[in-house]
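Step one of this worksheet: look at the structure below.
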Amino acid sequence: MKNYFKYFLIIGFVLFSFYYTDKVTKISEQNNVIMASINDYAIKHDSKCIEGSITEDGIILGLSGISVNKNKSYSNMKGIGFDEKLLEYNKEECILSTNNNYDKYIIAGNNYINNISLVIDVNNGKYFSKMVKIAENKDVSINLLFNYEMLNKYIDSISNHNNILFKGKTKDELNNYIKILHDEFYCTNKDGDVIDICKSKKLNSINVINYIDKNLLLNIKKILNNGSIIFIKENEFNLNELSSTINYIKSRGYNITSVSELLF
């Protein structure tokens, strides 16, 4: 009887060993397929940084590269199977990026993608809400340029704080701005040189070289290029032309994005 029990245990152990080995082999084969799929995807989709350029007015940002993080992606998919949604990436920064150029003015985003940004320069507060509404109705993200006084006055009426830019020229103005928005905004030199005060807070600065007072559509046609950051004065003239201007920009194949997205 003891021998039968012994043989039974041996047979059970052998069967379990076969099952375990088969299971491990299948998992190993699946994992090999996962890594092979990740490698194939990386070959097709990894990209190197395309560097920007420096002009006398400031820098035009490069287009960051991106590569699949194979180890993290594999870890996410292990035992599951290849799934594009589980891929993780490494960003390859260009030399001319927002992360290491706080001491230089930015004049444009990269000119390899058909993205541009529109910024409303808020002066009296009479028209910017209507201009924002026009943009929203056309599924467009528009940016707002405030000094501290106007920002403090209208902050509660603004739904998207990520699309706000700073104009001013003193440390006090900047510090007050930071109290409201923390450090999640771009500086501009609309009211004066801000490089020194903004770089001390690790804030990027934009050189306002494309500024439109009126005749919005006519002037947009003259300066529209990939990566453009276009500042528009808040007034009734530009309010009346904003809808047709957005239509024109879209018809030329451009995407109108936030400044933060444009300069990412």
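The values are calculated or read from the model by the stated rules, or taken from the named source; none is laboratory data. As the structure is a prediction and not an experimental result, all values here were calculated from the model. Methodologically, a virtual Cβ is constructed for each residue, glycine included, from the backbone with ideal geometry; neighbour enumeration extends over all protein chains shown. Calculation scope for accessible area: heavy atoms of the full protein, side chains included, ligands and nucleic acids excluded. Shrake-Rupley method; radii C 1.70, N 1.55, O 1.52, S 1.80 Å.
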Once you place label points 7 Å from the Cα toward the Cβ at THR170 and GLU184, how far apart are they in nm? 2.8 nm
In a Gaussian network model of the chain with springs linking alpha carbons closer than 10 Å, the residue among ILE38, ILE212, ILE195 that fluctuates most is ILE38
Who wins for biggest fluctuation among THR55, THR170, THR188 in a Gaussian network model of the chain, springs between alpha carbons below 10 Å? THR55
Quick one: accessible surface of VAL208, probe radius 1.4 Å, all protein chains present, in square angstrom to the nearest 10. 30 Å²
Estimated FRET transfer efficiency when R0 is 35 angstrom, pair TYR41-ASN114 (beta carbons, to 0.05): 0.85
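Place a +1 charge on the Cβ of each Lys and Arg in the stretch 171-264 and a -1 charge on the Cβ of each Asp and Glu, then give the dipole magnitude about the Cα centre in debye, rounded to the nearest 20.
It works out to roughly 340 debye.
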Using DSSP to define loop residues, name the chymotrypsin sites (Phe, Trp or Tyr not before Pro) in the stretch 60-160 whose beta-carbon has at most 13 other beta-carbon atoms within 10 Å. TYR112
Pull up the DSSP beta bridges for the chain and report the antiparallel fraction as a percent, rounded to 5. 30 percent
In the stretch 234-264, whose amide N lies under 14 Å from the spot 7 Å out along Cα-to-Cβ of ASN160? List them in ranges. 255-263
Once whole DSSP H runs in the chain are found, which of them have Cα atoms spread over 27 Å or more along the helix axis and a mean Kyte-Doolittle score of at least 0.0? 2-45
Of LYS233, LYS190, LYS126, the one that fluctuates the most in a GNM where the chain has Cα springs shorter than 10 Å: LYS126
Excluding residues on the same chain fewer than 8 positions from LYS221, give the lysines whose Cα lies under 29 Å from its Cα. LYS104, LYS126, LYS130, LYS133, LYS138, LYS167, LYS190, LYS233, LYS250
Over the stretch 80-191, calculate the relative contact order: mean separation of alpha carbon pairs under 8 Å at least 6 apart, over the residue count, as a percent. 19 percent
Can you give me the relative contact order of the chain as a percent, contacts being Cα pairs under 8 Å and 6 or more apart? 21 percent
Long-range amide H partners of THR55 with built H, under 5 Å: ILE60
Sequence of LYS78, LYS48 when ordered by accessible area, the most exposed leading, probe 1.4 angstrom: LYS48, LYS78
Computed, not fitted: 222 nm per-residue ellipticity of the chain from DSSP H runs ≥ 4 (each -39500 (n - 2.57)), nearest 500, equal to -13500 deg cm²/dmol
Leaving ligands and nucleic acids out of the surface, order SER159, SER97, SER200, SER47 by accessible area at 1.4 Å, largest first. SER159, SER200, SER47, SER97
